[in-house]
1. Which members of the stretch 65-74 meet the condition of being within 20 Å of residue 139 (Cα to Cα) and touching a residue at least 40 places away in the same chain (Cβ under 8 Å)?
2. Residues that are surrounded by fewer than 20 Cβ atoms within 10 Å (Cβ to Cβ), at least 1 per element: which strands (runs of 3 or more DSSP E) completely within the stretch 91-187 meet that?
3. From the list 87, 100, which one is farther than 24 Å from residue 31 by Cβ and touching a His at 6+ places or on another chain (Cβ under 9 Å)?
4. Collect the residues in the stretch 70-90 that are of a type in the set (D, E, K, R) and assigned to a loop (DSSP other than H, G, I, E, B), keeping them in residue-number order.
5. Every residue in the stretch 47-64 that is under 15 Å from residue 92 (Cα atoms) and touching a residue at least 60 places away in the same chain (Cβ under 8 Å), please.
6. Scan the stretch 86-100 for residues that are over 17 Å from residue 61 (Cβ atoms) and in contact (Cβ under 8 Å) with a residue 12 or more places away in the chain and jot them down.
7. Show me the strands (runs of 3 or more DSSP E) found entirely inside the stretch 1-43 where at least 3 residues are of a type in the set (A, V, I, L, M, F, W, C) and closer than 20 Å to residue 106 by Cβ.
8. Would you pick out the residues in the stretch 142-156 that are among the aliphatic types (A, V, I, L, M) and in contact with a Lys or Arg (Cβ under 7 Å, 6 or more places away or on another chain)?
Amino acid sequence: MSLIGKEIASFTVQSYHNDKFVEVSKKSIEGKWSVFFFYPADFTFICPTELEDLANKYEEFKKAGCEVYGVSCDTHFVHKAWHDASPTIKKINYPLLADPTHALARDFEVLIESSGMAERGTFIVNPDCKIVAYEVTDGNIGRDADDLLRKLQAAQFVAKNGDQVCPAKWTPGKDTLKPSLDLVGQL
């Protein structure tokens, strides 16, 4: 079953952000674009490479009016310890959400019940708190922040220009398509 169009449930969690513990809730994200970037666990191997990749693109996400949330089932205390121990994680300026009760992982349907960890799930959530794009990959496959940013920009473009669609590899400024009877069979 698809999660596209699903409104995320109410939540309140702790995060580690800018050397502080900060509460984040559904109310915090209402009216804004958000990316929820689930990863299996702190102190692992692929996760820091993905989180660093996102950290390197974070300013571009912010310029696009989007907040990025890294999410694992670890506690906010573990997020702080990882930040303090890892030069890679020290680079992160976006909030790391703690989901030890698995409320977020269950709502986004990425919880691995047998291990209590999350799948590698990436979700773009619109200002109405609805999922407009998502991808879940095997635990051994890292993700790409450049492509995630491109998908966010496409989702924002379509939300603003509902009569147009973004073709494969679309980036801002490139041609879009306007679905019509004239286009059928012409591409």
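Quick note: the coordinates plus some simple rules give every number you see, no bench work behind them. Treat the numbers as computed from the prediction; the structure is a model and nothing was measured. Neighbour counts run over all protein chains shown; Cβ positions are idealised from the backbone, glycine included.
1. If the condition is that a residue be within 20 Å of residue 139 (Cα to Cα) and touching a residue at least 40 places away in the same chain (Cβ under 8 Å), then 69, 71, 72, 73 are the ones that fit.
2. Result: 131-137.
3. Result of the check over 87, 100: 100.
4. Going through the stretch 70-90, the residues of a type in the set (D, E, K, R) turn out to be 74, 80, 84, 90.
Of everything in the stretch 70-90, just one residue is of a type in the set (D, E, K, R) and assigned to a loop (DSSP other than H, G, I, E, B), namely 74.
5. Selection gives 49, 50, 53, 54, 56, 57, 60, 61.
6. 86, 88, 89, 98, 99, 100
7. 33-38
8. 145, 149
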